[in-house]
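Participant: Take a look at the following structure, please.
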Amino acid sequence: MQMVLLTALGVGGATIIGAIMGFAFKKISHKFSDIVLSFAAGVMLAAAVIGLILPSVEYGMEQHAAFAIPVAVIGIFCGALCLNLMDKVVPHLHRLSGAETETHPGKTAQLNKVLLFVMAIAIHNLPEGIAAGVGFGTGNNAEALTIAAGIALQNIPEGMVIIGPMLAAGMRPGRTLAIAIATGVVEVIGTMLGYFAVSISSAILPFALAFAGGTMLYVISDEMIPETHAHGCERASTYSLLIGFCLMLAMSHYLG
C-alpha cells in the first residue's frame with residue numbers, strides 16, 4: 001500500500017515538475033511541443049499495449065482461456081467509450097494553438113478558452129492514474145512501477161505545455177501553479193481508485209487492465225497524435241513517438 005501511495009504521488013508529481021519547468025520555458029515552440037508530446041504518446045502507447053492489454057490477455061487466460069480475448073476487447077472498447085462520454089459531457093477544448101491564445105479577443109474569453117483546454121488535460125489524467133493503479137493488481141510490482149514510470153515520463157511535457165497559455169492569458173503565476181497542481185492531484189486520485197478497484201476482486205483484473213489500456217489508446221489517437229501532426233512537424237513527431245515507444249519497450253524488458 002505504501003508503494004502504491006508513493007507511486008501515486010510520483011505520477012501526479014511529474015505533472016507538477018513539468019509545470020515548474022513550464023515557468024522557465026514560457027514560450028514553447030510548436031515544433032518542440034509536438035516532439036515532446038509525440039515522445040509522450042509513444043511511451044503511453046507502449047505502456048498501454050505491453051503493460052496493460054497484453055497482461056489482460058495473460059491473466060484472462062489463467063482464469064478462463066475461452067473468454068480472455070473477448071474480455072480484453074470489451075475492456076478496451078469500454079475504456080474508449082468511457083472517455084468518449086466524458087468528452088461529450090464535460091465541456092473542454094481538445095486543442096489550443098499558440099496563435100489562438102495570442103489573438104483571441106478579450107482577456108476573459110481568452111482565459112476561459114485556456115481553462116477549457118486545461119480541463120481536457122485533467123479529464124485524461126484520471127484514466128492515466130487509474131492505469132497506474134490497476135498495474136499493481138497483477139502482483140508484479142516491477143512491471144507496475146514501469147507502467148507508472150512511463151506515465152510519469154509523459155506527464156512532464158504535458159505539465160510544461162499548460163503553463164505558457166495560462167500565463168499568456170493573464171493568469172497570475174500562483175493561480176497557474178495551483179491549477180497545474182490540481183491536474184496532478186487528479187492523477188493521484190485515479191491511481192488510488194485503480195488500485196482499490198482491482199484489490200476488491202482479482203476476477204475483474206483482466207477487464208480492468210484492458211479498460212485502462214483502452215482509455216490510454218483513446219487519448220493517444222483522439223488527442224495526442226492529431227495535435228502533434230497539426231503544425232507541420234509530422235515527420236519529427238513520428239520518429240519521436242517511435243523513440244518513446246522503444247524506450248518504454250526497453251524499460252519493460254530490463255526493469256519489468
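The values are calculated or read from the model by the stated rules, or taken from the named source; none is laboratory data. Just so it is clear, the model here is predicted, and its values are computed rather than measured. For neighbour counting, all protein chains shown are included, and Cβ atoms are generated from backbone atoms with ideal geometry for every residue, glycine included. Note: areas computed on protein heavy atoms with side chains; ligands, DNA, RNA excluded. Shrake-Rupley method; radii C 1.70, N 1.55, O 1.52, S 1.80 Å.
Participant: MET86 is checked against (1) buried (at least 20 other Cβ atoms within 10 Å of the Cβ); (2) under 21 Å from GLY12 (Cβ atoms); (3) at pLDDT 80 or above and fails just one. What number does that condition carry?
Facilitator: With (1) buried (at least 20 other Cβ atoms within 10 Å of the Cβ); (2) under 21 Å from GLY12 (Cβ atoms); (3) at pLDDT 80 or above applied to MET86, the lone miss is (1).
Participant: Do we have any residue at all in region 153-168 that's of a type in the set (A, V, I, L, M), part of a helix (DSSP H, G or I) and under 19 Å from ALA48 (Cβ atoms)? Break it down stepwise before answering.
Facilitator: The first filter runs over region 153-168 and keeps only residues of a type in the set (A, V, I, L, M), leaving 153, 156, 160-163, 166-168.
When the remaining residues are screened for being part of a helix (DSSP H, G or I), the result is 153, 156, 160-161, 163, 166-168.
Keeping just the survivors that are under 19 Å from ALA48 (Cβ atoms) gives 153, 156.
Among the residues of region 153-168, at least one is of a type in the set (A, V, I, L, M), part of a helix (DSSP H, G or I) and under 19 Å from ALA48 (Cβ atoms), which makes the answer yes.
Participant: Note down all Cβ pairs under 8 Å where the first residue falls in region 158-172 and is within 11 Å of MET21 (Cα to Cα), the second is open to solvent by 10 Å² or more (accessible area, probe 1.4 Å) and in a loop (DSSP other than H, G, I, E, B), and they're at least six residues apart or on different chains.
Facilitator: MET160/PHE25; MET160/ILE28; VAL161/ILE28; ILE163/LYS26; GLY164/PHE25; GLY164/LYS26; GLY164/LYS27; GLY164/ILE28
Participant: Could you please give the count of residues in region 234-256 that are at pLDDT below 85 and under 24 Å from GLY159 (Cβ atoms)?
Facilitator: Of the residues in region 234-256, 3 are at pLDDT below 85 and under 24 Å from GLY159 (Cβ atoms).
Participant: Tell me, please, whether a residue that is part of a helix (DSSP H, G or I), in contact with a Leu (Cβ under 9 Å, 6 or more places away or on another chain) and of a type in the set (S, T, N, Q) can be found in region 192-213.
Facilitator: Taking every residue of region 192-213 in turn, none turns out to be part of a helix (DSSP H, G or I), in contact with a Leu (Cβ under 9 Å, 6 or more places away or on another chain) and of a type in the set (S, T, N, Q).
Participant: Quick one: how many residues across region 1-38 are crowded, with 23+ Cβ neighbours inside 10 Å, modelled with pLDDT of 85 or more and within 14 Å of LEU153 (Cβ to Cβ)?
Facilitator: Total satisfying the criteria: 7.
Participant: Starting from residues that are farther than 20 Å from ALA210 by Cβ and modelled with pLDDT of 85 or more, keep the ones in region 39-69 and report whichever is most open to solvent (accessible area, probe 1.4 Å).
Facilitator: Restricting to residues being farther than 20 Å from ALA210 by Cβ and modelled with pLDDT of 85 or more, the top hit is PHE39.
Participant: Which of the residues belonging to region 18-56 are among the small types (Gly, Ala, Ser) and not in a helix (DSSP H, G or I)?
Facilitator: Listed by number, the list holds a single entry, SER29.
Participant: Does GLY164 qualify as being at pLDDT below 80 and open to solvent by 30 Å² or more (accessible area, probe 1.4 Å)?
Facilitator: no
Participant: Hey, among the residues in region 167-192 that are small (Gly, Ala, Ser) and in contact with a helix residue (DSSP H, G or I) (Cβ under 8 Å, 6 or more places away or on another chain), which one's surrounded by the most Cβ atoms within 10 Å (Cβ to Cβ)?
Facilitator: Residue satisfying both the conditions and the ranking: GLY190.
Participant: Scan region 193-237 for residues that are buried (at least 16 other Cβ atoms within 10 Å of the Cβ) and among the acidic types (Asp, Glu) and jot them down.
Facilitator: If the condition is that a residue be buried (at least 16 other Cβ atoms within 10 Å of the Cβ) and among the acidic types (Asp, Glu), then ASP222, GLU223, GLU227 are the ones that fit.
Participant: Kindly indicate whether any position in region 95-104 is within 30 Å of SER252 (Cα to Cα) and either of a type outside the set (Val, Ile, Thr) or at pLDDT 80 or above (or both).
Facilitator: For region 95-104, residues within 30 Å of SER252 (Cα to Cα) and either of a type outside the set (Val, Ile, Thr) or at pLDDT 80 or above (or both): absent.
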